[in-house]
1. Mind running the shape call on region 492-556? Use the C-alpha gyration tensor, a ≥ b ≥ c as the square roots of the eigenvalues: rounded below 1.5 for a/c, prolate if a/b tops b/c, oblate otherwise.
2. State whether region 340-395 is rounded, prolate or oblate according to the following rule on the C-alpha gyration tensor (a ≥ b ≥ c being the square roots of its eigenvalues): a/c under 1.5 gives rounded; otherwise a/b larger than b/c gives prolate, and the remaining case gives oblate.
3. Would you mind counting up the charge near Ile108? Only other residues with Cβ under 13 Å from its Cβ, with Lys and Arg at +1 and Asp and Glu at -1.
4. Which percent, to the nearest 5, of DSSP beta bridges fully inside the chain are antiparallel?
5. Treating the angle as unsigned and between 0 and 90°, give the value, to the nearest 10°, between the Cα long axis of helix 276-291 and the longest Cα principal axis of the chain.
6. Under the definition of Cα pairs under 8 Å and six or more residues apart, what whole-number percent is the relative contact order of region 492-556?
7. Could you tell me the calculated FRET efficiency between Lys116 and Met87, based on Cβ-Cβ distance and R0 = 45 angstrom, to the nearest 0.05?
8. Go from 0 up to the bin containing the longest alpha carbon distance in the chain, width 10 Å each, and give me the % of pairs per bin.
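FYI, it's all coordinate maths here, none of it is from the lab. Bear in mind that the values here come from a model prediction, so they are computed numbers and not experimental data. Heads up, the Cβs are rebuilt from the backbone with ideal geometry, glycines too, and the neighbour counts pull from every protein chain shown.
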Amino acid sequence: MAGGQTHTYTIQLDSGQFLHVMVDQRGIDVVVSLISPDGTSLAEIDSPSGATGLEPLFWVTDTGGTYKLVVRALEEGAAAGKYEIKMDTPHPPTPQDGTRIQAQRAFIDGRAQMGKQSEGALLTAKLKFQDSLGAWQAVGDSERAQQTMILIDAVYDGLINLYFGRGNFQEAYRIAQQRLEFDTANFGPNSINIVPPMREMAAILERLGAFAESEKIRKEVMTLAQKVKGAESMQAASSLDDLGQLYARQNKYAEAEPLFKRALAICEKTEGPEHKDVANTLSQLAAMYHAQKRYADAQQFYQRAVAIYDKLKEPDPAEAAVLTRSARNEVDQGRYAEAEELDKRAVAISEKALSPEHPAVADSLMEMASVCTAEKKYSEAETADQRALAIYDKAQGPVSLGTSRAVIALLGVYSLEGKQAETEPLIQRIQTLVAKTPNALKWLRGGTAQKDGVGFQYALGALYEKGQGVKQDYAEARKWYDMAAENGAALACVSLARLHENGLGVAKDNVEAYKWYSLAGPGHQDWDEHKKQLVAQLSKDQLNDAQQRVAAWQKQHPSKP
C-alpha cells in the first residue's frame, strides 16, 4: 500500500460477537475503520505508533451481517509499505472484552476532541484519554496504555502552548506541573520521559523572570540526561544548550559559551557536522555573539547554520528562526536591505514547512515589517503586519500575546504614517485587552522601552487621553505622546497639538499647538486645516516663536520629522 490508497475487506459476523482485529504496520502508517452492514461507520482507529506497530480494533456487534474492514494510508504522499491483518476468532464478549471496548471508545472520543485544538476540547480530550488509560491498565494492555500516555502528554503540550500563546504563563506552568506529576507517576522519577515537562516548566519560569528557579530545573535535567543517557548523548547536549541559553539571557556569557561549545562538540561527534542539531547549536552561539555585539562572529555562525538547513531535503521551520536572528544581526549593523531579504526567506520557508496560516509565518512577517518600518517603507510594513494580525486572530483568538503584538505593531505603523481613522479600531482592541487581561497595562509599559516601541507609546497616550481602560489622565497621555513623537509618530504630534490647542491637561497654548502640527508634517487635510486656523489667530511674533520652537525641536531630534 502507498499514500492515497484504500483497501477494503469483508467480515461475516453474527449479532453479539466480540471482534478483535490487529493491523500490523510495516513501513506505512494506516487508519483502520469498521463499517456496519447498513454502511454506518462504527469505529476509526489511528494510534500514535507511526509506520510500525499494531493498530488494534475492538467491537461488539449488535446485528449480524457483512461488515467491512477498511484500511487506508494516513498520509496522501506516503511511500509504499506493507501491513498484515490478524483477527482473533469472534466470540461472545467477556467482562474484559467490555473493558477493552470502553477503553477504545474513550480513546476514539479523545482523538476527536484533540483535533479541535480549543481549550475546552483539549480539556475534554484529557479526561477521555485518562478514562481510556485506566481501562487499558485494568486489562493489562501495556502497549495500548503506553500509546494513550503519549496522547495525554500531547494534550498537555497543546494546553501549555495555548496558555503560553495567550500570555497566561501561570496557567501554562500549572499544566506543565500536572504533566510532570503524570509522567513521573507513570514512567518513574529517573526516566528520560520526565524531561519534556521539566523543560517546559523552566521555559515558563524564564518568561516570568524567575531565572534562579529555572536554573535549578535546567541543572536537574542536565544531571538526569547524563545519568540516564550518558555524558556524550544528544539528550545531554540538549540540556547543555538549554542551560547555555538561560545564562545568555542573563548576559552571563562567560558561563554560556563553554556550554554551547560542549553541546556543539557532542552534536558534531554524535550526529555528524551536517545534522540540523548542529545547526541549532551554531545558531545559539551566533545569538550569544550577537548579544555581545560581536557581529562578524555572529554572522559566521548564522551562515554555517543556514548552510546546513539548506542541504536538508525538506524545509525546516527552525531555519526560518535562524534567518530571523541573522536579520536582526544585520539590522544592528544598519544593513536593512540585507535584513529584509533574510526576513523574506524566513517567511517563505515557514510557509512551505508549516502552512501560510501558521503563527510562525506571522512571527516572520512581523520581523519583516519591523525592518520595513525602519526603512520607512511603511506600505510594505503595513501589508505584512495586517497579514500577521489576520493569522494570529484566526490561530490564537483576539486576546493573545501574538495578536496583541501584531495590533501594537500595526498601530505603530499607522501612527508613523498619520492614518488616524485606521488607528481607532486598534485602540479599541487594546482597550479590550487591558480590560480582560490583568497584566496588559504592565506589558504595554514594558514595550515602550523597546527599540521599535512607538506603537506601545502611542497606544498608552491614546488610552490615557480618552480614558479607555484606564483613568483619564492628560499629563500621562502627554508623556507617552512625547515619547512617540520623538520616535517619529506623526499622530503623536497631532495629539500633542490637540492637547495644547484645547487646554487639555495643560494651559491652552496655540503657539505650542502650531509647533506640533508643523512637526506632524504636511499633506493631511485635517491637521493642515487646524494649522491654517491657528495661523490666522497668531500674531507675527507668536508665529515666529512657533517656528523657532519647531527648529529647536528638529535640531534636538535631527533624525525625526
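1. Note, shape of region 492-556 comes out rounded.
2. Oblate is the answer for region 340-395, as a/c is 1.5 or above yet b/c matches or exceeds a/b.
3. Charge balance near Ile108 sits at 0.
4. So the antiparallel bridges in the chain amount to around 100 percent.
5. So the inclination is approximately 20 degrees.
6. 30 percent
7. Calculated value: 0.90.
8. For the chain, the pair-distance distribution reads 3, 13, 20, 21, 17, 12, 7, 4, 2, 0, 0.
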